[in-house]
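Here's the structure we're looking at; comments come further down.
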Amino acid sequence: MSEQIPGWFTEIFQDQGTGFSLQIKSKLHEEQSEFQKIEIFETATFGRLMVLDGCVMLTDRDNFLYHEMMTHPALFTHSDPKKVVIIGGGDCGALKEVLKHPGVEEAWQVEIDERVTRVSEEYFPDLCTSNNDPRANFFFGDGIKWLADAEPDSIDVIIVDSTDPVGPAEGLFAVDFYRNCLIALREGGILVQQTESPLLHTSSIIKNVHRDMKEAGFSETHTLPFPQPVYPTGWWSCTMAGKGKKLDYFREEDVNDKPFVTQYYNTAIHHGALAIPEFMKRELDLD
């Protein structure tokens, strides 16, 4: 939920007794799409802010943390990703990072709410600089159905860049969805999903995702924590699942020689993100 204090945008996480605020200079946009309320603000220190149904989605200042960690670890863990599918990701930030990889031949963004993409093109143009790349493809509709209809053994990496597991995104955190992902992935393929805050959600969302991915048939799962200041606790995570693929090895030489610039991700960051805190090991029953 959000609460408007004059001059500030505040998102309150009622069930956790905490919140996050940004000082606001002005509201730039507001609309009710078919699926959600979309708001854009100009903040005093974090650039532009996107809010969906009262929840912070991204800011100019720190979105690179999330977008880089949702994409590059998975793509560099895969041996040679050619086809990548993003479920969600309407702001196009993940698509931009995926298409930095010259080996990617085809990328799909499957987003239920086209208005999020169109508003992003207007207010977050830097995130949308690859939208006209000839490798970029867009489908606006139900990502769960799109994946269920995908050709078996046709995708190398699936990135689930979703909102919290409520409403339209709830079905993206389910065994049946993960099973369809497994079928659509080629051998050695990787699924990666945002999995909320390690501090708040290890014993619930993250633990359930590991269980459900393995029940769906994935051979290995691994959660990567990373900082994300505008999300609850300022600490976020994504969880990878491999189809016959080890997840603790990645193409380090290719990371070191990557032909593009990142702001956060590098070899040492990747190694660090593979380290699991002790409380998470206990909660997830890891050795």
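FYI, it's all coordinate maths here, none of it is from the lab. None of the values given here were measured: they were computed from a predicted structure. We place every Cβ from the backbone using ideal geometry, glycine too, and count neighbours over all the protein chains shown.
Mind listing the long-range amide H neighbours of Ser33? Cut-off is under 5 Å, sequence gap 5 or more, other chains count too, H placed in the peptide plane at 1.01 Å from N.
Ile38
For region 243-286, what are the per-bin percents of Cα-Cα distances with bins 5 Å wide, up to the bin holding the maximum?
Once binned at 5 Å, the Cα pair distances of region 243-286 give 5, 17, 21, 20, 17, 12, 6, 2.
Suppose only helical runs count, i.e. DSSP H with n ≥ 4. What mean residue ellipticity at 222 nm does that imply for the chain under -39500 (n - 2.57) per run, divided by all residues and rounded to the nearest 500 deg cm²/dmol? All intermediate terms of the calculation are to be shown ahead of the outcome.
Values: 10 runs with 81 residues, N = 287.
Result for the chain, helices only: -7500 deg cm²/dmol.
Which percent, nearest 5, of DSSP beta bridges in region 156-281 are antiparallel?
75
Report relative contact order for the chain in percent, whole number only (criteria: Cα-Cα under 8 Å, sequence separation at least 6). Walk me through the numbers on the way to the answer.
On the way: 591 pairs, mean separation 44.2, N = 287.
Over the chain, the number comes to 15 percent.
Return the aspartates and glutamates within reach of Lys243: Cα separation strictly under 17 angstrom, same-chain partners fewer than 8 residues apart disregarded; answer none if there are no such residues.
Asp80, Glu151, Asp153, Asp156, Asp176, Glu187, Asp212, Glu215, Glu220
Within the chain, which is the longest segment containing none of the chymotrypsin sites (Phe, Trp or Tyr not before Pro) that sit in a DSSP loop and have at most 13 other Cβ atoms within 10 Å? Please report the intermediate quantities before stating the final value.
Details: sites that count: Tyr249, Phe260.
Of all site-free stretches, the longest is 1-248.
To the nearest 20 debye, what is the magnitude of the charge dipole of the chain about its Cα centre, counting +1 on the Cβ of each Lys and Arg and -1 on the Cβ of each Asp and Glu?
Numbers: 25 positive and 47 negative charges, 81 e Å.
Computed charge dipole of the chain: roughly 380 debye.
Taking 37 °C and 0.692 mPa s as the conditions, I'd like the Stokes-Einstein D for region 1-138 in µm²/s, using the Kirkwood hydrodynamic radius from alpha carbon pairs.
Working: Rh = 16.0 Å.
Rounded, D is 206 µm²/s.
With a cap of 13 neighbouring Cβ atoms within 10 Å, and only residues DSSP puts in a loop, list the GluC sites (Glu not before Pro) found in region 86-141. Before the final figure, lay out each step's value.
Numbers: sites: Glu97, Glu105, Glu106, Glu111, Glu114, Glu121, Glu122; in loops: Glu105.
Loop-located and lightly packed - Glu105.
Net charge near Asn63: determine it from the other residues with C-beta under 14 Å of the C-beta of Asn63, scoring Lys and Arg +1 and Asp and Glu -1. Present the calculation step by step, with values, prior to reporting the outcome.
Details: positive: Arg48, Arg61, Lys96; negative: Asp60, Asp62, Glu68, Asp91, Glu97, Asp126, Asp161.
Summing Lys and Arg as +1 and Asp and Glu as -1 gives -4.
Let a ≥ b ≥ c be the square roots of the eigenvalues of the Cα gyration tensor of region 208-287; is it rounded (a/c under 1.5), or, if not, prolate (a/b larger than b/c) or oblate? List each step's numbers first, then the result.
Numbers: a/c = 2.02, a/b = 1.26, b/c = 1.60.
Since a/c reaches 1.5 but b/c is at least a/b, the shape of region 208-287 is classed as oblate.
Given a cut-off of under 8 Å on Cα pairs at least six residues apart, what relative contact order in percent is computed for region 134-283?
21
Which lysines does Lys246 reach when only Cα atoms under 25 Å apart count, and residues fewer than 8 places away in its own chain are ignored?
The reachable lysines, counting only those whose Cα sits under 25 Å from Lys246, are Lys82, Lys83, Lys100, Lys207, Lys214, Lys258, Lys281.
Assuming R0 = 35 Å, can you tell me the calculated FRET efficiency for the pair Phe279 and Asn132, based on Cβ-Cβ distance, to the nearest 0.05? The partial results should precede the final answer.
Working: r = 45 Å, r/R0 = 1.28.
With a Förster radius of 35 Å, E is 0.20.
For the chain, I need the span (max minus min coordinate) of the C-alpha atoms along each principal axis, in Å, sorted largest to smallest.
Here the Cα extents, ordered largest to smallest, are 53, 45, 37 Å.
Give the shape of region 66-205 as rounded, prolate or oblate, defined through the alpha-carbon gyration tensor: a ≥ b ≥ c are the square roots of its eigenvalues, a/c under 1.5 means rounded, and otherwise the shape is prolate if a/b is larger than b/c and oblate if not.
Details: a/c = 1.34, a/b = 1.08, b/c = 1.23.
Judged from the Cα gyration tensor, region 66-205 comes out rounded (a/c under 1.5).
What is the distance, in nm, between label points placed 7 Å from the Cα along the Cα-to-Cβ direction at Glu42 and at Asp248?
Between Glu42 and Asp248, the simple spin-label model gives 5.0 nm.
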